[in-house]
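In what follows, a structure is listed as structure tokens, so that the remarks can point back to it.
The values are calculated or read from the model by the stated rules, or taken from the named source; none is laboratory data. What you are looking at is a predicted structure, and each value in this text was computed from that prediction instead of being measured. No Cβ is skipped: glycine too gets one built from the backbone with ideal geometry, and neighbour counts run over all protein chains shown.
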Amino acid sequence: MYLKGKHAIVTGGGTGIGLAIARALVAQGAEVTITGRRMDVLKDVAEPGMHPLVMDVTDEAMIRDVTARAVEVRGPVQICVANAGIAEGRKLHKTSSEFWRKIMATNLDGCFYTVRESLQSMITTDWGRVIAVSSIAGLRGSAGAGAYAASKHGVIGMIRSFAEDFMGAPYTFNTICPGYVDTPIVTRNTDSISQRAGVSQQEARDIMISANRHKRLIAPEEVAAAALWLCNPACESVNGTEIAIAGGQV
Ligand code: NDP
């Protein structure tokens, strides 16, 4: 229970990877504020130790208010998991400016606002962990998903830089880069790949499975294990870097 008494915020904590991370943190004693846009979804999954709050990561003012409310009740945020994201793909010639801004607003701006706000309270404490969820699309190009890849590259550059800003302080900043993880995003991806490539749903899922050298989708719990490891007190020297959980894809 090495996280007992620590307050964590997990954005997108009601589903998929965020929920698995929230559960892993709770199992180690943390009090976890889980956020997302849908209270019904958050309430449905909340277990003891999880505290749901509605927070849209594209809304800077809402992030400020909601974080302040959570801090008031549970104390400074010492673990910030900026996980909320959307994965939609379009080829360059079909990428409208509006589509580009939508992806950036959630994946990059949302991550920035979340981390900045949590940090305000973290720096009043003597221990903190910032973990952003990027993607292997943040480490290399991604066919048909330039905006998504750009947003996830941005997350990595931003978190590496924040780590530099605070190097030597008792806070770490790292990014996790998953491959295809079995979550609602992959289900939605299946639809979009199947439409784009003109293949069946099963064939689309097989494309994602075969990208992984273990020939399977990754479980959200595997990503959560990495997040939990980064929160281990022994991990202070892991700072300003990326961990790929990608079945050998990178
Ligand atoms: P999910 O769709 O289950 O999770 C996305 C979460 O983000 C949801 O809980 C959603 O909640 C939340 N969210 C989306 N937009 C907003 C917003 N504007 N404000 C607040 N919350 C928002 O999929 P995953 O768990 O897979 O995705 C989690 C992260 O992992 C994402 O950043 C994704 O890019 C990344 N990732 C996922 C991979 C995969 O294969 N699954 C691979 C690589 C990276 P709600 O809709 O209720 O607001």
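Details
- Residue list for segment 228-241, filter: out of contact with any Pro (no Cβ under 8 Å at 6 or more places or on another chain) and more than 16 Å from ILE136 (Cα to Cα): LEU228, TRP229, LEU230, CYS231, ASN232, PRO233, ALA234, CYS235, SER237, VAL238, ASN239, GLY240
- Matching residues, segment 114-141, being part of a loop (DSSP other than H, G, I, E, B) and more than 10 Å from the ligand (Cβ to nearest atom): ILE123, THR124, THR125, ASP126, TRP127, LEU139, ARG140, GLY141
- Residue within segment 126-141 that is out of contact with any Cys (no Cβ under 9 Å at 6 or more places or on another chain), closer than 30 Å to MET208 by Cα and not assigned by TED's automatic domain parsing to the domain that holds ARG196 present: yes
- Flag for ALA27 being within 9 Å of the ligand (Cβ to nearest atom) and more than 24 Å from ASP109 (Cβ to Cβ): no
- All positions within segment 193-205 that are away from the ligand (no atom under 16 Å from the Cβ), of a type in the set (A, V, I, L, M) and part of a helix (DSSP H, G or I): ALA197
- Output for segment 155-192, where each listed residue is away from the ligand (no atom under 12 Å from the Cβ) and either within 12 Å of GLY89 (Cβ to Cβ) or not hydrophobic (A, V, I, L, M, F, W, C) (or both): GLY157, ARG160, SER161, GLU164, ASP165, GLY168, PRO170, TYR171, THR172, ASN174, ASP191, SER192
- Filter result for THR172 (touching a strand residue (DSSP E or B) at 6+ places or on another chain (Cβ under 6 Å) and part of a loop (DSSP other than H, G, I, E, B)): no
- In the set (1) outside the structural domain of ARG23 (by TED's automatic domain parsing); (2) in contact with a Ser or Thr (Cβ under 9 Å, 6 or more places away or on another chain); (3) surrounded by 16 or more Cβ atoms within 10 Å (Cβ to Cβ), PHE173 fails one condition alone, (1).
- Tally of residues being out of contact with any strand residue (DSSP E or B) (no Cβ under 8 Å at 6 or more places or on another chain), surrounded by 13 or more Cβ atoms within 10 Å (Cβ to Cβ) and not aliphatic (A, V, I, L, M) across segment 176-200: 7
- The condition (being in the same structural domain as ALA147 (by TED's automatic domain parsing), out of contact with any helix residue (DSSP H, G or I) (no Cβ under 8 Å at 6 or more places or on another chain) and at pLDDT 95 or above) is satisfied by just one residue among MET55, MET62: MET62.
- The listed residue being within 13 Å of the ligand (Cβ to nearest atom), under 23 Å from ILE185 (Cα atoms), free of Cβ contacts under 8 Å to residues at least 60 places away in the same chain and in a helix (DSSP H, G or I), out of LEU19, LEU42, LEU53: LEU42
- Look at (1) in a helix (DSSP H, G or I); (2) out of contact with any strand residue (DSSP E or B) (no Cβ under 9 Å at 6 or more places or on another chain); (3) closer than 21 Å to LEU19 by Cα and you find that CYS111 fails only one, number (2).
- Within segment 187-203, the set of residues being closer than 21 Å to VAL133 by Cα and either in the same structural domain as VAL133 (by TED's automatic domain parsing) or touching a residue at least 60 places away in the same chain (Cβ under 8 Å) (or both) comprises ARG188, ASN189.
- Note on segment 68-108: residues that are surrounded by fewer than 23 Cβ atoms within 10 Å (Cβ to Cβ), among the small types (Gly, Ala, Ser), within 16 Å of the ligand (Cβ to nearest atom) and part of a helix (DSSP H, G or I) total 1.
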